[in-house]
Amino acid sequence: MVKELVELIAKALVDYPDQVDVQQVEGEHSVILELRVASDDMGKVIGKQGRIAKAIRTVVNAAAIKEKKRVMVEIIQ
């Protein structure tokens, strides 16, 4: 569920939504989501001083409370 949420948010922010890719790495008590976007869209996903990236992480962590897992979102070039 959180993977789809990150994908939906990222596709809404970028110019090249077809290049958005989210990989999920499951751990015992945590989930790592690796978000990849086109190099031209990196700034749109990170935002000024990382504000958009922080907002994405906040929304995802709030959604992950139901699953009782810790979710980390990593933006990868």
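Observations on the structure shown:
- I46, sole failed condition from (1) surrounded by fewer than 15 Cβ atoms within 10 Å (Cβ to Cβ); (2) under 13 Å from the mean Cα position of the chain (by Cα); (3) hydrophobic (A, V, I, L, M, F, W, C): (1)
- Hits in the range 23-32 - residues which are in contact with a helix residue (DSSP H, G or I) (Cβ under 9 Å, 6 or more places away or on another chain) and either modelled with pLDDT of 95 or more or exposed (fewer than 15 other Cβ atoms within 10 Å of the Cβ) (or both): Q23, Q24
- Test set (1) more than 10 Å from the chain's Cα centre (by Cα); (2) without any contact (Cβ under 8 Å) to a residue 60 or more places away in the chain - M1 fails condition number: (2)
The values are calculated or read from the model by the stated rules, or taken from the named source; none is laboratory data. Computed from a predicted structure; not experimentally measured. Please note: Cβ atoms are built from the backbone with ideal geometry, for glycine as well, and neighbour counts cover all protein chains shown.
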